[in-house]
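The values are calculated or read from the model by the stated rules, or taken from the named source; none is laboratory data. What you see is a predicted model; the values in this text were computed from it and never measured. When we count neighbours, we look across all protein chains shown, and the Cβ atoms used for this are built from the backbone with ideal geometry, even at glycine. Areas reflect the complete protein model, heavy atoms only, side chains present, ligands, DNA and RNA absent. Shrake-Rupley method; radii C 1.70, N 1.55, O 1.52, S 1.80 Å.
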Amino acid sequence: MFKYNKVAYYSVVLNDNKETLYEEFVKRHELNNKNKLYHILKWLQVIGKKYGAQNRFFRNEAYTADTSALPPVGKDRKPYYIENGKKKNNTLRLYCLRANEHVVFLFSGDIKTANNAQDCPNVKPHFLLANQLTKAIDEAFKNQDIVWNDDCTLIDCDKNFKLYY
């Protein structure tokens, strides 16, 4: 978990992995897709410090659950993604769950090469997993395995809590 004044970002650890999905995502893209990754990290910072997790900053990637992705739609939104001196659309996707304006779960993603996530060999597994995890997290909230703090700005769960997806 990392937190800015307006948003707390969480992730999940799958099975016996040592790192969260988000940490794996950052490590996987910091060499080959550094500028695209930096653009998404900048969005996380701007959303976290300035705006809160408003719907307008997230791409709708709902398939079987209310999954979203970053960066937001549109190349003309600050912070810009610049490639060869020009504003471009960033094709790197980070799938996530915007639980509310204060809490976002970060999963993973990859470079999108097709119009639909389901048709892209790179992002399809991340997209499907993110939708599964979103559904499981929503269920965990309903069952009160994950609970909100008093002002709904943080979450809490048993330290041995396991999410089944």
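Count of region 107-123 residues, restricted to those that are assigned to a helix (DSSP H, G or I) and closer than 18 Å to LEU97 by Cβ, is 1. Looking only at region 10-42, filter to residues that are of a type in the set (A, V, I, L, M, F, W, C) and open to solvent by 40 Å² or more (accessible area, probe 1.4 Å); which one of those is farthest from SER108 (Cα to Cα)? The qualifying residue farthest from SER108 (Cα to Cα) is LEU31. Of all residues in region 75-86, those that are open to solvent by less than 80 Å² (accessible area, probe 1.4 Å) and under 22 Å from LYS50 (Cα atoms) total 3.
Among the residues that make up region 52-66, is at least one of them in a loop (DSSP other than H, G, I, E, B), under 30 Å from TYR164 (Cβ atoms), open to solvent by 70 Å² or more (accessible area, probe 1.4 Å) and in contact with a Ser or Thr (Cβ under 7 Å, 6 or more places away or on another chain)? The answer is yes, given that some residue of region 52-66 is in a loop (DSSP other than H, G, I, E, B), under 30 Å from TYR164 (Cβ atoms), open to solvent by 70 Å² or more (accessible area, probe 1.4 Å) and in contact with a Ser or Thr (Cβ under 7 Å, 6 or more places away or on another chain).
Conditions (1) touching a His at 6+ places or on another chain (Cβ under 6 Å); (2) more than 20 Å from THR134 (Cα to Cα); (3) modelled with pLDDT under 95, marked per residue:
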| position | (1), (2), (3) |
| --- | --- |
| MET1 | no, no, yes |
| TYR4 | no, yes, no |
| ASN15 | no, no, yes |
| GLU30 | no, yes, no |
| HIS39 | no, yes, no |
| ASN55 | no, no, no |
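Among the residues making up region 89-104, those that are in a loop (DSSP other than H, G, I, E, B) and either closer than 30 Å to ILE155 by Cα or open to solvent by less than 80 Å² (accessible area, probe 1.4 Å) (or both) are ASN90, THR91, ARG93, ALA99, ASN100, GLU101, HIS102. Within region 125-156, the set of residues being outside any helix (DSSP H, G or I) and open to solvent by 60 Å² or more (accessible area, probe 1.4 Å) comprises ASN143, GLN144, ASP145, TRP148, ASP150, ASP151, ASP156.
With respect to (1) within 13 Å of the chain's Cα centre (by Cα); (2) of a type outside the set (Phe, Trp, Tyr); (3) under 17 Å from LEU163 (Cβ atoms), the lone exception for ILE137 is condition (1).
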